[in-house]
Amino acid sequence: MNTVQKAMESFNNAIGSSTFGRIFRLEGSGHEKEIKNTKFTTEIRAGLTTFFTMAYIIAVNASILADSGGNCICKDPKDVTCSTDPDYAACVQGLNRSLITATAAIAGFSSFLFGFLTNMPVCLAPGMGLNAYFAYQVVGYHGTGSISYGLALTAVFVEGFVFIFLSLIGMRQWLVKIIPMSLKIASACGIGLFLAEIGLSYSAGIGAISGGKATPLEIAGCPPEYRDGFGVCTSHKMTNSTMWIGIFCGGIFTSYLMTYKVKSAMIAGIALVSIMSWPRSTSFTYFPRNAMGDDRFEFFKKVANFHPIDKTLNVLDWDISKAPSHFALALFTFLYVDIIDCTATLYSMARFSGVVDPESGDFPRSTLAYCTDALCISVGALFGCSPVTTFIESGAGIVEGGKTGLTAMTCGICFFISMFFAPIFASIPPWATGCTLVLVGCLMIRQVVNINWRYIGDAVPAFVTLMFIPFGYSAAYGLIAGLMTYTALNGMIFVTKLITRGYIVPDDEDNREYWTIVPQGKLPWFITTSQKISHHFGYGNSDPKEVTSSIKSGDSQARFRSDSKGSDTELNTVVVIPRDEKVSRKV
């Protein structure tokens with residue numbers, strides 16, 4: 001054992017000191033910004049963990065998008081969904097196989113590219129939630145929605161380039177910086193709860209909870225024959241074998257290994273449950289003896305199989321005149337949901353991996369990261385997939401020690417390989433990964449202690465964000481709810497102070513977090529340009545090198561001085577003059 005450990009250590013040292021190690025800033029590379037405690041083998045293991053945690057997306061995304069009917073044509077005038085048409089069903093099945101390959105291809109491409117360009121352990125794939133909106137609301141079940149499949153893909157394609165523009169001018173980075181710190185921390189913790197909720201549900205988890213009729217959520221865990229059409233258990237709750245296999249062999253076993261710092265603990269748990277679920281003679285098999293189970297098993301027996309992307313590759317429809325209003329609505333919905341969802345998730349993953357600068361609130365290569373994410377959205381549309389986004393399951397690899405882009409690149413390579421072994425990777429049951437997501441959520445929620453609970457103006461909006469993300473089943477809408485609460489609450493406090501000229505203030509106002517509309521770091525291109533134009537025509541401050549703003553929820557004044565250098569303007573000095581003090585202090 002010692003011989004193996006020494007050999008691995010020597011191997012890691014050799015890789016770290018090589019040019020390859022210097023590119024990815026591994027420990028021992030000699031790079032001035034080398035990342036401590038990074039080993040090549042650790043990055044590979046972390047990438048494998050992330051892949052096995054994300055692998056469910058191959059089958060799930062294909063299944064959801066196939067429900068839209070894609071470019072299959074329904075010719076039955078009596079049944080608009082062609083639910084009983086065998087030819088249409090055969091077309092949809094072929095569409096599903098194409099989408100399995102397409103999902104694996106775009107996940108592999110985007111994860112590898114993102115890891116290589118940004119050196120961050122964050123993986124990308126078609127996002128859950130947006131794929132359901134794409135399939136069931138925009139295109140509609142079997143094409144019964146407002147616009148066609150091809151036109152919806154065009155909206156996604158255009159969205160990606162709009163994102164690139166917003167990233168290049170600094171808008172996405174600016175949005176992240178002006179979000180109050182407690183809300184950013186709460187969004188990361190809320191995403192952890194969101195992960196745990198996904199892990200406890202049926203779609204990608206152990207099925208311990210479901211939607212309820214009398215209550216928003218209910219205890220579930222019943223066998224499939226005891227569920228109604230909405231997935232609610234009518235009886236036999238908490239008796240499903242798959243749930244208990246996932247809990248004990250996936251959750252408890254993995255936690256036990258993690259207690260002793262066993263490497264690859266999450267991979268071991270996922271592999272154990274998957275292998276146990278493949279035999280057909282058990283009550284917890286992934287291949288039950290019914291139509292669905294038979295179809296899964298027939299696909300699984302192929303082991304190695306490559307299905308070409310023949311039904312979804314480059315099927316964009318550019319005839320927007322067919323439904324211009326619905327096209328615009330779909331485009332803007334994708335934009336505002338994705339920009340908040342992906343931006344918040346990417347920031348949360350960066351914070352979780354420890355690369356966010358506490359002073360600037362930004363992370364290295366952020367512009368490149370946002371542009372890469374946006375480019376992958378457009379490429380995914382060419383493959384026939386709904387918007388690509390940052391996957392919160394990346395936290396599993398970060399927990400395993402992933403700190404560089406090698407983690408994402410490893411995950412991407414695994415997705416590329418899965419295109420040829422799709423039957424295997426599409427057969428990882430959701431209850432094999434469910435408890436892994438719960439464990440990652442447990443680790444992410446630990447940041448909750450950093451929220452400013454001492455001041456209601458910070459605590460309440462943070463709590464709303466924290467709760468609304470899992471309960472609203474959306475990171476985007478959770479953050480929107482928190483921002484609205486923050487604006488309303490602190491806006492009222494500010495107006496009260498303004499009307500009373502500072503005589504009525506909260507008793508614990510001194511405990512509030514500092515916040516300003518002019519955060520530290522580089523100013524966006526569109527702001528510096530507008531300042532220069534304004535000054536050129538004689539408007540604005542007499543000194544163009546000064547930008548003045550005030551603290552949102554206080555009567556203290558803050559003056560921000562910066563040296564104008566085009567788009568690289570840096571806010572390097574903040575002078576704060578408290579109400580009751582005459583002495584200034586520099587921050």
Given the options TYR347, TYR286, name the one that is in contact with a Phe, Trp or Tyr (Cβ under 9 Å, 6 or more places away or on another chain), among the aromatic types (Phe, Trp, Tyr) and either in a strand (DSSP E or B) or closer than 22 Å to ASN96 by Cα (or both).
TYR286
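Would you check which residues across region 428-449 are within 23 Å of ARG351 (Cβ to Cβ) and at pLDDT 85 or above and list them? Walk me through how you get there before you give the answer.
Step one: filter region 428-449 for residues within 23 Å of ARG351 (Cβ to Cβ), giving 436-449.
Correct list: VAL438, LEU439, CYS442, ILE445, VAL448, VAL449.
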Checked pairs for region 304-330, first in a helix (DSSP H, G or I), second open to solvent by 40 Å² or more (accessible area, probe 1.4 Å) and not aromatic (Phe, Trp, Tyr), C-beta under 7 Å and 6 or more apart or across chains, list as HIS326/SER146; PHE327/ILE320
Quick one: in region 5-50, of everything that is hydroxyl-bearing (Ser, Thr, Tyr) and assigned to a helix (DSSP H, G or I), which residue is nearest to LEU124 (Cα to Cα)?
THR50
Hits in region 22-41 (condition: under 28 Å from the mean Cα position of the chain (by Cα) and surrounded by fewer than 19 Cβ atoms within 10 Å (Cβ to Cβ)):
ILE23, LYS33, GLU34, ILE35, LYS36, ASN37, THR41
Search result, residues across region 352-407 that are within 25 Å of ILE267 (Cβ to Cβ), touching a helix residue (DSSP H, G or I) at 6+ places or on another chain (Cβ under 6 Å) and surrounded by fewer than 20 Cβ atoms within 10 Å (Cβ to Cβ):
GLY401
Single residue of region 292-349 satisfying the filter (surrounded by fewer than 21 Cβ atoms within 10 Å (Cβ to Cβ) and of a type in the set (Ser, Thr, Tyr)) that is farthest from the chain's Cα centre (by Cα)
SER321
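Could you go through region 228-239 and let me know if any residue there is surrounded by fewer than 20 Cβ atoms within 10 Å (Cβ to Cβ), closer than 27 Å to ALA105 by Cβ and touching a residue at least 24 places away in the same chain (Cβ under 8 Å).
Taking region 228-239 as the starting set, the residues that turn out to be surrounded by fewer than 20 Cβ atoms within 10 Å (Cβ to Cβ) are 228-232, 234-239.
If we keep only those that are closer than 27 Å to ALA105 by Cβ as well, we get none.
No, every residue in region 228-239 fails to be surrounded by fewer than 20 Cβ atoms within 10 Å (Cβ to Cβ), closer than 27 Å to ALA105 by Cβ and touching a residue at least 24 places away in the same chain (Cβ under 8 Å).
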If PHE194 passes every condition in (1) closer than 21 Å to GLY47 by Cα; (2) open to solvent by 10 Å² or more (accessible area, probe 1.4 Å); (3) assigned to a helix (DSSP H, G or I) but one, which one does it miss?
(1)
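Conditions tested, residue by residue: (1) among the small types (Gly, Ala, Ser); (2) not in a loop (DSSP other than H, G, I, E, B).
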{"site": "ASP362", "(1), (2)": "no, no"}
{"site": "TYR370", "(1), (2)": "no, yes"}
{"site": "CYS376", "(1), (2)": "no, yes"}
{"site": "VAL379", "(1), (2)": "no, yes"}
{"site": "LEU382", "(1), (2)": "no, yes"}
{"site": "ALA396", "(1), (2)": "yes, yes"}
{"site": "SER427", "(1), (2)": "yes, no"}
Any residue in region 125-145 that's closer than 15 Å to ASN96 by Cα and hydrophobic (A, V, I, L, M, F, W, C): show its pairings with residues that are part of a loop (DSSP other than H, G, I, E, B) and open to solvent by less than 30 Å² (accessible area, probe 1.4 Å) at Cβ separation under 8 Å, as long as the two are six or more apart or on different chains.
ALA135/SER68; ALA135/SER386
For region 105-125, indicate whether the set of residues that are in a helix (DSSP H, G or I), under 17 Å from THR410 (Cα atoms), in contact with a His (Cβ under 9 Å, 6 or more places away or on another chain) and open to solvent by less than 30 Å² (accessible area, probe 1.4 Å) is non-empty.
no
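Residues are listed down the side, and each one gets a yes or a no for (1) assigned to a helix (DSSP H, G or I); (2) open to solvent by 10 Å² or more (accessible area, probe 1.4 Å); (3) in contact with a strand residue (DSSP E or B) (Cβ under 8 Å, 6 or more places away or on another chain); (4) more than 14 Å from SER378 (Cβ to Cβ):
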{"residue": "TYR136", "(1), (2), (3), (4)": "yes, yes, no, yes"}
{"residue": "LEU153", "(1), (2), (3), (4)": "yes, no, no, no"}
{"residue": "VAL162", "(1), (2), (3), (4)": "yes, yes, no, no"}
{"residue": "ILE185", "(1), (2), (3), (4)": "yes, no, no, yes"}
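The values are calculated or read from the model by the stated rules, or taken from the named source; none is laboratory data. It should be emphasised that the depicted structure is a prediction, and the values quoted were computed from it without experimental measurement. For neighbour counting, all protein chains shown are included, and Cβ atoms are generated from backbone atoms with ideal geometry for every residue, glycine included. What goes into the accessible areas is simple: the full protein's heavy atoms, side chains included, and nothing from ligands, DNA or RNA. Shrake-Rupley method; radii C 1.70, N 1.55, O 1.52, S 1.80 Å.
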